[in-house]
Amino acid sequence: MDNSKNDSRRDPPSRGFAREVAGRFFSRKLACLATLVVIFLTLVAIFAPVIVGTKPVVCRYKGGIYYPSLGYLDREWEHPIFRIDKFRNNYAKNLPKKDPDSWAFWPMVYQDPIRRVRADEKEGVPDSETLQPPSIHHLFGTDPAGVDVFAKMVHGTRTALLVGFVSMGIAALLGIVLGAVAGYAGGWIDHFINRVIEVVLCVPTLILILALIAIVPKPTIWHMMAVIGLTRWTDIARLTRGEFLRLRQSDFVQAAVALGISRAAIIFRHILPNALAPVLVPITFGMAGAVQIEAGLSFLGFGTPPPHPSWGEILDDGRANLTCWWLVTFPGLAIFATVLAYNIIGEALQEATDPRLRDARR
C-alpha cells in the first residue's frame, strides 16, 4: 500500500491547499527575492538601535542593567540619569566617571537619527556646514540640520514597516470578521455590511488623515495607522465575503452543521482556513499602499511627527536642496524597493491562489 497516499488523505484540505500555494509561491524567483527584501527590512527595523545610534544598546550602571537606546521611542525604560544632558550628549566619558565598574554595548555606527535642532532654529549656520555629501564619517551624507542620513534611513525603516503592518493588521481584522459574518449569515446582515462597505469606500483616506491632523491637537503615527486601517478593510471584506459565499454550501460545512457545531466554530475553524489564502493578496497590496501614503504625507510635511524619522521627510529635505542628490537617491530607492517587494509578493500570492491566472500563463 502506498503510504504517501494515506498521508495526503490524513491532511486537512486547508493544510494541503496551503502547502500547494506555498510551493507555487516559492517556485518564483522574484517572489523569493521580494520576500528576502522584506525580511531584511524587518531585521533592520528590529535591530535599528543596534545598527546606529548614540545611546548604548545595553549598559551596566551602579549595579543595574539598563537599555538607554529604547529612549528613542520615548519609553521610560531607562534610568532617569540617562536623560540628563551630561549623559545624553557624552555617554562614553560620563559612564566611567560616575561608575568605574560600568560597561556598555554600543551601536555599530555612532550617529544620532533624531533632528535635535530644527532648520528654522539654526540661525547664522550656513547650509554648507550642515549639508555634507556621503563620506567615511557620514555614509549617506547629512541633511540641512546636520543629522546623519544613514541613521535616519535605518530608523525610518521602523516607521515604514510599522505603518504597513499595523494599519493592514487593523484592516485585516475588520475585513475578515465582517466579510466572514456577511458571507455566512446572508440576509439583512449581509445587506447591512455591504451598505457599510459602500459608505467607507466613499471616504478618501488622504483627506481623512489631513482632517484628523487639523482636528487632533497632537497627532501621532498611531492616528495615521488607525485611519489607514479603518478605511482600507473594504476590499478584504468583499473578498472574504465572496469566499464564504462559495464555501458555505460545501460538503464539509454541511457536515459540520449536521453535527451541531456552533456558527462561530464553523466560520473561524472550518471555512476561514480554506478562504484565507486569497485574502492575503489585498493585505499585501495594502501594505505597499500604506508605505506610499506615509511617505507621501511626510514628503508634504504632514507625516509622522518628531522624534520618529521618516523616508518621506528626507525626500522633503531633498526637494528644498536639489543639488544634494543623496537626500533624494537613498530614501527614493528605499521606498521604491519596499513598495515593489510588497507588490511582487502580492502578485505571486494572487497567481498561486487563483488557478485561472496559472492556466492563463500556461
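The values are calculated or read from the model by the stated rules, or taken from the named source; none is laboratory data. Just so it is clear, the structure is predicted and the values come from calculations on it, not from any experiment. A quick note on method: Cβ atoms are made from the backbone with ideal geometry, for glycine too, and the neighbour counts reach across all protein chains shown.
For the stretch 210-220, a residue qualifies if it is modelled with pLDDT of 80 or more and β-branched (V, I, T), and exactly one does: I215. For the stretch 305-338, the set of residues classified as hydroxyl-bearing (S, T, Y), touching a helix residue (DSSP H, G or I) at 6+ places or on another chain (Cβ under 9 Å) and either touching a residue at least 60 places away in the same chain (Cβ under 8 Å) or not in a helix (DSSP H, G or I) (or both) consists of S310, T338, listed by residue number.
Applying the selection to the stretch 291-308, what residues are under 16 Å from the mean Cα position of the chain (by Cα) and at pLDDT below 85? If you could, list the steps in order and put the result at the bottom.
Going through the stretch 291-308, the residues under 16 Å from the mean Cα position of the chain (by Cα) turn out to be 291-298, 303-304, 308.
Within the stretch 291-308, Q292, I293, E294, A295, G296, L297, S298, G303, T304, H308 meet the criteria.
Here's the yes/no breakdown for (1) farther than 21 Å from G346 by Cβ; (2) surrounded by fewer than 12 Cβ atoms within 10 Å (Cβ to Cβ); (3) of a type in the set (S, T, N, Q):
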{"site": "L212", "(1), (2), (3)": "yes, no, no"}
{"site": "V227", "(1), (2), (3)": "yes, no, no"}
{"site": "I236", "(1), (2), (3)": "no, no, no"}
{"site": "S250", "(1), (2), (3)": "yes, no, yes"}
{"site": "A258", "(1), (2), (3)": "yes, yes, no"}
{"site": "I266", "(1), (2), (3)": "yes, no, no"}
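More than 22 Å from S310 (Cα to Cα), modelled with pLDDT of 85 or more, outside any helix (DSSP H, G or I) and out of contact with any Phe, Trp or Tyr (no Cβ under 9 Å at 6 or more places or on another chain) - does that describe any residue in the stretch 174-197? The answer is no; no qualifying residue exists. Among the residues making up the stretch 159-189, those that are closer than 30 Å to F330 by Cβ and crowded, with 23+ Cβ neighbours inside 10 Å are T159, A160, V163, G164, S167, M168, A171. In summary, F252 fulfils each of the numbered conditions (1) under 27 Å from G332 (Cα atoms); (2) over 28 Å from the mean Cα position of the chain (by Cα) with the single exception of condition (1).
For the stretch 130-144, what are the residues that are in a loop (DSSP other than H, G, I, E, B) and surrounded by fewer than 19 Cβ atoms within 10 Å (Cβ to Cβ)? Quick ask: steps written out before the conclusion?
Step one: list which residues in the stretch 130-144 are in a loop (DSSP other than H, G, I, E, B), which gives 131-141, 143-144.
Those that are in a loop (DSSP other than H, G, I, E, B) and surrounded by fewer than 19 Cβ atoms within 10 Å (Cβ to Cβ): Q132, P133, P134, S135, I136, H137, L139.
I84 meets all of the listed conditions (1) surrounded by 10 or more Cβ atoms within 10 Å (Cβ to Cβ); (2) at pLDDT 80 or above; (3) out of contact with any Pro (no Cβ under 8 Å at 6 or more places or on another chain) but one, namely (2).
Determine, yes or no, whether V149 is at pLDDT 85 or above and within 30 Å of I266 (Cβ to Cβ). For V149, the condition - at pLDDT 85 or above and within 30 Å of I266 (Cβ to Cβ) - is not met.
Scanning the stretch 274-327 for residues that are β-branched (V, I, T) and either over 28 Å from L174 (Cβ atoms) or surrounded by fewer than 21 Cβ atoms within 10 Å (Cβ to Cβ) (or both) gives I314, T323. I267: touching a residue at least 60 places away in the same chain (Cβ under 8 Å), closer than 30 Å to D251 by Cβ and of a type outside the set (S, T, Y), yes or no? Considered against the rule, which asks whether it is touching a residue at least 60 places away in the same chain (Cβ under 8 Å), closer than 30 Å to D251 by Cβ and of a type outside the set (S, T, Y), I267 comes out as yes. Please indicate, with yes or no, whether at least one residue in the stretch 43-50 is under 23 Å from V163 (Cβ atoms), outside any helix (DSSP H, G or I) and modelled with pLDDT of 75 or more. Checking the stretch 43-50: at least one residue is under 23 Å from V163 (Cβ atoms), outside any helix (DSSP H, G or I) and modelled with pLDDT of 75 or more.
Can you confirm whether the stretch 154-165 contains a residue that is free of Cβ contacts under 8 Å to residues at least 24 places away in the same chain, over 16 Å from G286 (Cα atoms) and assigned by TED's automatic domain parsing to the domain that holds P278? Checked the stretch 154-165: no residue is free of Cβ contacts under 8 Å to residues at least 24 places away in the same chain, over 16 Å from G286 (Cα atoms) and assigned by TED's automatic domain parsing to the domain that holds P278. M108 falls short on exactly one of the conditions (1) at pLDDT 85 or above; (2) crowded, with 17+ Cβ neighbours inside 10 Å, and that condition is (2).
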